[in-house]
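One structure is given here, and the rest of the page talks about it.
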Amino acid sequence: MFNPSRDEARNFLFESWRKRKANELLTPLEDLVVQLIAKHPEYHHVFDQPDNYQDKDYAPEHGATNPFLHLMMHLTIEEQISIDQPAGIRAHFVRLTHKFESEHDAQHRMMECLSEMIWQAQRNATQPDAAIYLTCLQGE
């Protein structure tokens with residue numbers, strides 16, 4: 001899944017959850033995804049009803065969290081931690097995990113900084129800048 005479309009990413013999440021519920025064999029990536037979904041029971045109804053949520057839009061101005069974006073950000077952070085990219089991200093994760101006494105809460109704080117970096121890039125029409133991400137993490 002190098003650069004999946006919105007539908008491909010959503011289908012991957014739906015299919016991974018379906019396979020877990022059917023006790024089918026999961027790939028390592030699917031297993032990671034279902035672990036992330038399992039940590040978010042507030043989204044289980046979404047993944048239990050793909051026909052109702054496949055095309056649903058989540059506009060920020062309506063205040064609803066996009067469960068697909070949220071889980072894909074978790075997945076992004078998991079990947080960043082596993083390869084320590086940007087350099088130093090793993091140390092920030094360890095520090096935040098100790099601070100919040102929870103890996104999950106640490107990742108949620110990291111998401112805020114990841115979102116800030118993405119927002120800055122979109123606002124300025126530039127590539128994402130890891131320095132913005134890391135500077136934000138230092139303040140957490």
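The values are calculated or read from the model by the stated rules, or taken from the named source; none is laboratory data. Please read all numbers here as calculations on a predicted model, not as lab measurements. Note: ideal-geometry Cβ built from the backbone for every residue, glycine included; neighbour counts use all protein chains shown. These accessible areas exclude ligands, DNA and RNA; they are computed on the full protein's heavy atoms, side chains included. Shrake-Rupley method; radii C 1.70, N 1.55, O 1.52, S 1.80 Å.
For segment 20-30, 3J(HN,Hα) computed residue by residue from phi via the Karplus equation (6.51, -1.76, 1.60; θ = phi - 60°) reads 4, 5, 8, 6, 8, 5, 10, 6, x, 5, 4 Hz, glycine and proline entered as x. Between 0 and 90 degrees, the angle of helix 89-100 with respect to the longest Cα principal axis of the chain falls at about 80 degrees. Taking the 1.4 Å solvent-accessible surface of the chain as the whole, the part contributed by carbon and sulfur is 52%.
Looking at the chain, the accessible area is 61 square angstrom per residue; that uses a 1.4 Å probe and ignores ligands, DNA and RNA.
Given a cut-off of under 8 Å on Cα pairs at least six residues apart, what relative contact order in percent is computed for the chain? Display every interim value, and only then the final one.
Working: 98 pairs, mean separation 21.3, N = 140.
Once divided by the residue count of the chain, the mean separation gives 15 percent.
Residue by residue, segment 105-111 carries 3J(HN,Hα) couplings of 5, 4, 5, 5, 5, 5, 4 Hz when phi is fed to the Karplus relation 6.51 cos²θ - 1.76 cosθ + 1.60 (θ = phi - 60°); x denotes Gly or Pro. For the chain, the longest principal axis of the Cα atoms and the long axis of helix 67-83 meet at an angle of about 60 degrees.
Taking every alpha-carbon pair under 8 Å whose residues sit at least 6 apart, segment 62-138 reaches a relative contact order of 23 percent.
Would you calculate a helix-derived [θ] at 222 nm for the chain, using -39,500 (n - 2.57) for each DSSP H run of n ≥ 4 and dividing by the full residue count, to the nearest 500?
Numbers: 8 runs with 96 residues, N = 140.
Mean residue ellipticity at 222 nm (helix-derived): -21500 deg cm²/dmol.
GNM on the chain, alpha-carbon springs under 10 angstrom: the most fluctuating residue among H74, H92, H44 is H44. Under the classification rounded if a/c is under 1.5, otherwise prolate if a/b is larger than b/c and oblate if not, where does the chain fall, given a ≥ b ≥ c as square roots of the Cα gyration tensor eigenvalues? Verdict is prolate for the chain. Taking 7 Å steps out from each Cα toward its Cβ at H45 and S115 produces label points 2.1 nm apart. Between F100 and A64, the C-beta separation translates, for a Förster distance of 35 Å, into a calculated FRET efficiency of about 0.90.
Choose one of Y43, L13, P28: the residue whose Cα lies farthest towards the positive end of the charge dipole of segment 1-75 (beta-carbon charges +1 Lys, Arg; -1 Asp, Glu; about the Cα centre). Projecting each Cα onto the dipole axis, the largest value belongs to P28.
Let's see if you can work this out: charge +1 on each Lys and Arg Cβ, -1 on each Asp and Glu Cβ, no other charges. What is the dipole magnitude of segment 64-130 about its Cα centre, in debye to the nearest 20?
140 debye
Think of the chain as having a plus end and a minus end, set by charges on the Cβ of Lys, Arg, Asp and Glu; of P4, M73, Y133, Y133 sits farthest toward the positive end of this dipole.
Close amide H partners of K39, meaning residues 5 or more places away or on another chain with modelled amide H under 5 Å apart, do not exist here.
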